[in-house]
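The values are calculated or read from the model by the stated rules, or taken from the named source; none is laboratory data. Since this is a predicted model, take the numbers as computed values, not measurements. Here the Cβ is made from the backbone with ideal geometry for all residues, glycine too, and neighbour counts use every protein chain on show.
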Amino acid sequence: MSSLGTFLLLASFVVSAYAAAASIGGVRRRDWRLVDSGIGAFYLIAALLTVASGVIVHAFVSGNYAIRYVDRYSDTAMPMFYKLTSYWGGLDGSILFWAFLLSVFGAVAVKVNREIHRELIPYVVATISVVQMFFLFLMVLHNNPFETYLLADKVPGDGQGLNPLLQNPYMVIHPPSLYIGFVGMTIPYAFGMAALFTGYLDDSWLRAVRRWTMVSWLFLSFGLTLGMIWAYEELGWGGYWGWDPVENAGLLPWFTATAFLHSVMVQERRGMLRIWNIALVITTFFLTIFGTFMTRSGVVQSVHAFGEDRQLAMMFTGFMVLLLTVSFGMMIYRLPLLRSRHELDSWASKEAAFLANNWILLFSALFVLFATMFPTLSESVMGERLTVGPPFFNKWMLPIGLILLFLTGVGPLLAWRKSTPSNMRYQFQFPLLLAVVTTGGLYAAGLRVWSSGLCFALSAFVIGTILQEFWRGARVRQGSTGTDVLTSMIGLVSRSHRRYGGYIVHLGIVLMFLGFAGEGYKREEQVLLRPGGSATVREFTVTHRSVKVTDDGQKQMVTAHVDIQRDGASIGAMDPAKWFFRKREQEPTTEVAIRRGAWEDLYIVLAAFELQDQSATLHIVVNPLVNWIWVGFGILALGTVIALLPERQFAFAGARAAADAAAGSEVGRA
Amino acid sequence: MSKKATRIGLTSLVLALAFGGLLWTSLSEGTEYYKHVDEVMTDPAPWYGKKLQLHGHVIDGSILRKRDTLDYKFKVENNGSVVEARYTGIVPDTFKDGSEVVIKGKLGPEGFVVEPNGVMAKCPSKYEATNAPSASTAASVPASSGR
């Protein structure tokens, strides 16, 4: 079976090479049959890699522990669900998974756009095939998931088992979601490159990729959020984001993709920022590769790094240099075709707000990149290894985040081209009022953490903006259709998905920021308690009762039983635990006990225990507002889905004029 | 065009300088030296009071805990140099005799004072094999977690 897998990888490599060569050669010679054969080969890669995925999944399910990868990441005792998902549990498999996704996405993108963007397709096929070849090359030469134990020095047993920390439903969907986001960003890049190669640099390539970018962005956001939930619930240190290199790697392309989704509107509406958009697409794709490189090759060292892998680092470096040279080289070559069709009229315009938002997002990406690479950089430049911790990140990202939040509110209020003072007064009145009232209310209530307070005020401002947009749009619509406000609001959303979907996404972002701001009011305590002993954090009193040990065959579970009182009144018991998985007794997993609430979470970790005297070391955290992050993501996802719906699907012919008129301030929706 | 170019040039220069300055000041406060124990302890005096991350191994049998508290005292060694460390709080599960640790904090004449959540530890043995899950997952174990 393993040789079949390796054969499939080799075959895919050859077929990719053919697909790239045939489509380029074909389009050069205007030989469309050759181009078609290239596209056929391109579909074949997807088929081959699907079979290869089938082979590795089969090996996991049937327990073929002679294959090194299967042995390292699964064992016989694992539930079937986790056996299936061990596919992407390690490096080698995740590269295969990456290649598989890329082949499928590529095939779909080519199939969908084959007729509409005929000129671009051969170059799209070639670009994706070359990227594909890189990953196949990595696997065949360096990280073959089908590799077997060659020598008899290791007798295949029943597997070493997946890291228990990863045996968690969030961890099952988190990596593929992130990968879908990462891989999805290759498609816009391929279309961008095709546009550069062919010189068809009108907006048609943008139309082809806008949706792809949005879907990829959604999955990237989903993956990042799942990572946060996992860190919060499974790692048990009381937080959800630690600015770890691996988290940062996922965040980098998220920043640039967000920037792209905004600047694309400026190009559609005003024909500006055309170079910028190409550059963002290239950068986003580059960052997905760079993020993988950063975390997988050991250039960023920490206690959590994966060990140095010079060979892998070299291969990645070579690929990245090639990628940057070709991409930006082509961009510079095509600069004359990318000239902007308009100039910026005024700084009080939507374009300017979008531009500012883009700069800040790009700066965020560069900053996070710089700070993540800082230990490596300082070592190579100064010979002295300096590190920066989460406080450094927070110091910078907190104001940056607040500025972005502010722009989220400002952007929709400004008009395209130029906002007049009277127009601005009309637009800003209500949101500003709401922000001021909120600030006053918070000050009166005695919540005086300035950063969080500012965040709440800005959140109120953004919500004010969104409400106003919906309200005014609905009123105008109501006036012309004669329905009630709610109906006209629904009509409004279904009439222009991108605009109002976008506002709903903004609302989700605001809720997430509320959750982040809650961090400012976090309280925690680390205590060692004997039975009967208690500790108080905020209004919660935690009383330790006992420590018990149970076993379910796969793991041993040590559970502490504690009683909780809130303001003196008993509100029930909680059971934080530690699980010791078989074969992994050295690394017990932390089973956090969380009592969730809209207002705050009570979060208790059993950090250590003593069975003889039944004492327990508890980490007790009160995390305010944290659940709004997850709720916010849900709303963000809803908004993105609405924005993705085909335009004008539910539009009623008679209502069109009304909704067009509804635009108090125009947001790009073309 | 050239007027526009100078304007853009000047703006970006000012912005770049401002950011550079801010970055420089915040970096000089925010950075910590990452050192092995022997690099520091052969001549410790210049390091007193500086923020440090020390890398070494816990000496077998050196971990002491005051009864009924979370006050720890332990010794970390590397290439023959030893530093005594004090810490109050929760230690990671992997922190035990012989494990490889990185401790964050400040050095003083009477020893190394570890800051809260400043103990990070690797298992002596199985770390390599187990800590290679997928790209997105593994290192999500954040630095601040003290794991």
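Restricting the range A:332-359 to residues that are of a type in the set (A, V, I, L, M) and surrounded by fewer than 19 Cβ atoms within 10 Å (Cβ to Cβ) leaves a set whose member that is modelled with the lowest pLDDT is A:L344. Here is a list: A:F461, A:F513, A:F430. Which entry is on the phi < 0 side of the Ramachandran plot and touching a Cys at 6+ places or on another chain (Cβ under 8 Å)? Being on the phi < 0 side of the Ramachandran plot and touching a Cys at 6+ places or on another chain (Cβ under 8 Å) holds for just one of A:F461, A:F513, A:F430, which is A:F513.
Of all residues in the range A:197-205, one or more are touching a residue at least 24 places away in the same chain (Cβ under 8 Å), charged (D, E, K, R), surrounded by fewer than 23 Cβ atoms within 10 Å (Cβ to Cβ) and more than 23 Å from A:F97 (Cβ to Cβ).
How many residues are more than 11 Å from chain A (Cβ to nearest Cβ) and within 30 Å of A:R339 (Cα to Cα) when one looks only at the range B:17-37?
Residues flagged as more than 11 Å from chain A (Cβ to nearest Cβ) and within 30 Å of A:R339 (Cα to Cα) within the range B:17-37 amount to 2.
Can you name every residue in the range B:56-110 that is out of contact with any Ser or Thr (no Cβ under 6 Å at 6 or more places or on another chain) and among the aromatic types (F, W, Y)? Selection gives B:Y72, B:Y87, B:F95.
Looking across the range A:399-410, just one residue is touching a residue at least 24 places away in the same chain (Cβ under 8 Å), within 14 Å of another protein chain (Cβ to nearest Cβ) and more than 19 Å from the chain's Cα centre (by Cα), and that is A:I403. In the range B:75-85, is there at least one residue being closer than 30 Å to A:F363 by Cα and assigned to a loop (DSSP other than H, G, I, E, B)? No: the range B:75-85 contains no residue that is closer than 30 Å to A:F363 by Cα and assigned to a loop (DSSP other than H, G, I, E, B). Cβ separations smaller than 7 Å between residues 6+ apart or across chains give the following pairs from the range A:142-160 residues that are closer than 28 Å to A:M314 by Cα to residues that are assigned to a loop (DSSP other than H, G, I, E, B) and modelled with pLDDT of 75 or more: A:T148/A:A66; A:Y149/A:A66. Of the helices (runs of 4 or more DSSP H) lying entirely inside the range A:1-90, those containing at least 1 residues that are without any contact (Cβ under 8 Å) to a residue 60 or more places away in the chain and under 30 Å from the mean Cα position of the chain (by Cα) are A:32-62, A:80-85. Could you check, for the range A:361-372, whether at least one of its residues is part of a helix (DSSP H, G or I) and more than 29 Å from the chain's Cα centre (by Cα)? No - not one qualifying residue is present in the range A:361-372.
Residue by residue through the range A:14-53, note down the ones that are of a type in the set (G, A, S) and in contact with a Gly (Cβ under 9 Å, 6 or more places away or on another chain).
Once the filter is applied, which keeps residues that are of a type in the set (G, A, S) and in contact with a Gly (Cβ under 9 Å, 6 or more places away or on another chain), the range A:14-53 yields A:A19, A:A20, A:A21, A:A22, A:S23, A:G25, A:G26, A:S37, A:G38, A:A46, A:A52.
Of all positions in the range B:62-74, none carries a residue that is modelled with pLDDT of 90 or more and under 16 Å from the mean Cα position of the chain (by Cα).
Only residues that are part of a loop (DSSP other than H, G, I, E, B) and exposed (fewer than 15 other Cβ atoms within 10 Å of the Cβ) were counted in the range B:49-66, giving 5. Residues that are surrounded by fewer than 19 Cβ atoms within 10 Å (Cβ to Cβ) and within 29 Å of A:V493 (Cβ to Cβ) within the range A:593-634 comprise A:A598, A:W630, A:V631, A:G634, listed in sequence order. Being in contact (Cβ under 8 Å) with a residue 12 or more places away in the chain, over 30 Å from B:S99 (Cα atoms), in a strand (DSSP E or B) and within 14 Å of chain B (Cβ to nearest Cβ) holds for only one residue in A:A573, A:A535, and it is A:A535. Please verify whether the range A:516-525 includes one or more residues that are modelled with pLDDT under 95, touching a His at 6+ places or on another chain (Cβ under 8 Å) and either of a type in the set (G, A, S) or closer than 26 Å to A:A598 by Cα (or both). Looking through the range A:516-525, at least one residue is modelled with pLDDT under 95, touching a His at 6+ places or on another chain (Cβ under 8 Å) and either of a type in the set (G, A, S) or closer than 26 Å to A:A598 by Cα (or both).
Against the criterion of being in contact (Cβ under 8 Å) with a residue 40 or more places away in the chain and touching a Phe, Trp or Tyr at 6+ places or on another chain (Cβ under 6 Å), A:L514 qualifies. Count of the range A:469-485 residues, restricted to those that are under 33 Å from the mean Cα position of the chain (by Cα) and at pLDDT below 85, is 0. With the requirement that a residue be of a type in the set (S, T, N, Q) and in a helix (DSSP H, G or I), what does the range A:272-297 give you? Hits for the range A:272-297 are A:N277, A:T283, A:T284, A:T288, A:T292, A:T295.
Residues in the range A:60-95 that are touching a Phe, Trp or Tyr at 6+ places or on another chain (Cβ under 8 Å), at pLDDT 90 or above and more than 10 Å from chain B (Cβ to nearest Cβ): A:F60 only. For first residues located in the range A:433-459 and over 21 Å from A:K395 (Cβ atoms), partners that are at pLDDT below 90 and lie 6+ apart or on another chain with Cβ distances below 7 Å form the pairs A:T439/A:G453; A:L442/A:G453; A:L447/A:G453.
Close contacts from the range A:362-384, counting a first residue that is within 11 Å of another protein chain (Cβ to nearest Cβ) and a second that is among the acidic types (D, E), with Cβ to Cβ under 8 Å and a gap of 6+ residues or different chains, come to A:S378/A:E384.
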